[in-house]
1. With the checklist (1) in a loop (DSSP other than H, G, I, E, B); (2) modelled with pLDDT of 90 or more in hand, flag the one item residue B:115 doesn't pass.
2. For residue B:28, indicate whether it is closer than 28 Å to residue B:98 by Cβ, in contact with a strand residue (DSSP E or B) (Cβ under 9 Å, 6 or more places away or on another chain) and more than 10 Å from every other protein chain (Cβ to nearest Cβ).
3. Out of everything in region B:78-112 that is closer than 22 Å to residue A:75 by Cβ, in a helix (DSSP H, G or I) and in contact (Cβ under 8 Å) with a residue 40 or more places away in the chain, what residue ends up being nearest to the other protein chains (Cβ to nearest Cβ)?
4. Regarding region A:157-174, can at least one residue be identified that is within 30 Å of residue B:52 (Cα to Cα) and of a type outside the set (A, V, I, L, M, F, W, C)?
5. Across region B:8-17, what is the number of residues that are within 14 Å of another protein chain (Cβ to nearest Cβ) and in contact (Cβ under 8 Å) with a residue 12 or more places away in the chain?
6. Scan region A:43-62 for residues that are closer than 18 Å to residue A:102 by Cα and over 9 Å from the mean Cα position of the chain (by Cα) and report the count.
7. Report, by residue number, each residue of region B:31-77 that is more than 10 Å from chain A (Cβ to nearest Cβ), of a type in the set (Gly, Ala, Ser) and not in a loop (DSSP other than H, G, I, E, B).
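The values are calculated or read from the model by the stated rules, or taken from the named source; none is laboratory data. Since the structure is predicted, the reported quantities are computational estimates derived from the model, not experimental observations. Virtual Cβ from ideal backbone geometry, glycine too; neighbours counted across all protein chains shown.
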Amino acid sequence: MIALVRYMSTVLLLSQRYLAPLLLFLGLVAVLTSSDTGPLTATYASVAGAMLPCSVWLTMTLIGLEDQAHRSIVVVSAGGRPLRVLLATVGTAAIWCLLLMSAGLVLPLLSGTHTPGLTDLALGTAAQLTCAFTGIAIGVVCSRLVFRRQGYALVLALVLLLAVLLGKGVSPVNIMLTHLQSASDSADALAPTGALLAVTAGLLAAAVAMTQAITRRKA
Amino acid sequence: MLRCEAVGKRYGAGRWILSDVDMEVATGDVLAVVGSNGSGKSTLLRILVGLSQPTTGSVSGRPPRIGYVPDRFTGHDRISAISYLTHMGRIRGLSASAARARGHHLLERLSLVGGRNAPLRTLSKGNAQKVALAQALLVQPDLLVLDEPWSGLDASAHGVLAEFIDEVAAQGGAVVFTDHREAITEMHARGAYTISDGRVTSHGGRHAGSRTSMVELVLTVMPTGVMPIEVNWSVLPGVTDTARRGGEVVLRVAREHSDAVLLTALQHRWSVASLAGAGAGAGAADERSARGTAL
């Protein structure tokens, strides 16, 4: 598994295709949080919102890098277990999202005036992870593994993104962001955010299972 | 070890690409799968290695270590050849240094030109094919599946590939490969399957000795229209069979007399329409008909 993640990360790094989502994320964080003096809950809610489209983009890019022949070789090399390769792909996307997340945690502290505590950082991590998991789930379902035509996949990805951002009372992302905007204390917001993180982890697992089932049928 | 029983494959509600395929691959086998473009060769190989699920039937006894070379290996990656092989070796469970050493060794044998540190996407078709071959052999495979492995390879690499195939078979592995050229499959395979119209038929093994012992010679009137002199072919030494097909004369000649018969024919102003090695007896007839469908 580690070998697979290393290989995929190397391919992504060398392709330089990670740059666009990375720059988008940094740009959004800079715009949304610069000279911000309010409570950190709202700040990290904005950062988490920025994480969502970037994680979708990163995941779709990562999976789109390899064509069918290369992926076949990787699957055969990994002992003929496509699920293992898919999980490694999701793991690679998650690791890259963690890199974005660390930037998302630190940058608002540098540009604004805050007094961060440990709970604030924990909340920022949980909020961004919730969005990253949701984004990876959307990215996997809209990837080249499921859609051969990336035009349709892009449209679907945008629709799903809007749905999870605007789906009032249904989407865990929407619930979390609206809750964090109004919350003032990180310690109080941490528990519900953690619960939503667990929900999105389940969502991601469901998306992986669905993708695996579809690729198996298509193969 | 590997056994396909009544395997059929189609995508969605499309046409049946394969139907009712029975195939058995034993240790030490070198099998060729012959068929025209789009006949389902690649699909069959993808089912053999487990990349594709058969729609009907079952595949059993797939060994753990499989080497697979797909028909297209488009290197669009910026990753270098040796780095790619190191990563693939690691995925197969080798240590980084062992994988790197093995990669260097394989690329050395295949004499990859253009640099091991050059990005994959800068490699030519033949060189990319060499990298594809090398990744399949990083760990000695129990089953080596090659999809048109000769395409793009230069003459010296042809020899190395034949060595690789023999090595895998000698060490108790099995090799299955495809090619659309009969000459190549006959040279390397010990058994062959022909695909046409989704059906797979086995047509025996290579008849060592008997294959080269007979030559089939087809003679015709010269294109210039000069009439040849009639010869009583059946009295010539080594001629076992003569037949007439339209204006053509078909002779089956023992290999050791074929040159003399050919010379006689040319001296009598016959034109050679075709010349082919042929097996003897009933097996040869099978192979000829199989070749007819393959072409």
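1. Failing condition for residue B:115: (2).
2. Working: closer than 28 Å to residue B:98 by Cβ: yes; in contact with a strand residue (DSSP E or B) (Cβ under 9 Å, 6 or more places away or on another chain): yes; more than 10 Å from every other protein chain (Cβ to nearest Cβ): yes.
Against the criterion (closer than 28 Å to residue B:98 by Cβ, in contact with a strand residue (DSSP E or B) (Cβ under 9 Å, 6 or more places away or on another chain) and more than 10 Å from every other protein chain (Cβ to nearest Cβ)), residue B:28 qualifies.
3. Checked region B:78-112; the qualifying residue nearest to the other protein chains (Cβ to nearest Cβ) is B:88.
4. No - not one qualifying residue is present in region A:157-174.
5. The initial filter retains those residues of region B:8-17 that are within 14 Å of another protein chain (Cβ to nearest Cβ), namely B:9-14, B:17.
After this cut, where a residue has to be in contact (Cβ under 8 Å) with a residue 12 or more places away in the chain as well, the list is B:9-10, B:17.
So the count comes out to 3.
6. Total meeting the criteria: 8.
7. B:32, B:42, B:57, B:58, B:60
Quick grid of which residues meet (1) away from chain B (no Cβ under 14 Å); (2) touching a strand residue (DSSP E or B) at 6+ places or on another chain (Cβ under 9 Å):
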{"site": "A:49", "(1), (2)": "yes, no"}
{"site": "A:62", "(1), (2)": "no, no"}
{"site": "A:68", "(1), (2)": "no, no"}
{"site": "A:71", "(1), (2)": "no, no"}
{"site": "A:76", "(1), (2)": "no, yes"}
{"site": "A:106", "(1), (2)": "yes, no"}
{"site": "A:116", "(1), (2)": "yes, no"}
{"site": "A:123", "(1), (2)": "yes, no"}
{"site": "A:143", "(1), (2)": "yes, no"}
